[in-house]
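First the structure, in the form of structure tokens, and then the observations on it.
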Amino acid sequence: MRDFDFHPDEDTIRCFNIPDSGVLVDEDKRWVRQTWDPTDTHGTDVVLWHHAFADEWFKLNATFNLAGELIHTGDEGFAVNCDVATPMVRRVAT
């Protein structure tokens, strides 16, 4: 699974390659993944939950510690955020 993010202040489009083990919900209308970042620069392991939707123009993200507590990841980070995004599009890899 691949997830693409565009940020206007960056020169490239971010591409996240998600292993099947990281996908929590895989439905026609919504998709949820979690990733673990053991190298987070804020001094703690971070688990990111990312929610994408087929019929909505946004994505939701939330960060947790390994105990499952919602955490803020610092001055440049967030605990929960909402990104403006095109609706999720599914393509079968060829």
- Filter result for the condition that a residue is of a type in the set (V, I, T) and either surrounded by fewer than 15 Cβ atoms within 10 Å (Cβ to Cβ) or in contact with a helix residue (DSSP H, G or I) (Cβ under 6 Å, 6 or more places away or on another chain) (or both), over V25, V46: V25
- Matching residues in region 58-86 - criterion: being modelled with pLDDT under 85, within 22 Å of K29 (Cα to Cα) and surrounded by fewer than 16 Cβ atoms within 10 Å (Cβ to Cβ): D83, V84, T86
- Item | Which numbered condition P8 misses (of (1) within 14 Å of D83 (Cα to Cα); (2) touching a Phe, Trp or Tyr at 6+ places or on another chain (Cβ under 8 Å); (3) surrounded by fewer than 10 Cβ atoms within 10 Å (Cβ to Cβ); (4) not hydroxyl-bearing (S, T, Y)) | (2)
- Across region 15-38, the tally of residues that are more than 11 Å from the chain's Cα centre (by Cα) and within 17 Å of D83 (Cα to Cα) stands at 1
- Query: Give me the pairs: first residue in region 66-83 and under 16 Å from T35 (Cα atoms), second residue charged (D, E, K, R) and at pLDDT below 85, beta-carbon distance under 7 Å, and six or more apart or on different chains, which are they?
  - Reply: L66/D45; T73/D40
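The values are calculated or read from the model by the stated rules, or taken from the named source; none is laboratory data. Owing to the predicted nature of the structure, the values given are computational and were not obtained by experimental measurement. A quick note on method: Cβ atoms are made from the backbone with ideal geometry, for glycine too, and the neighbour counts reach across all protein chains shown.
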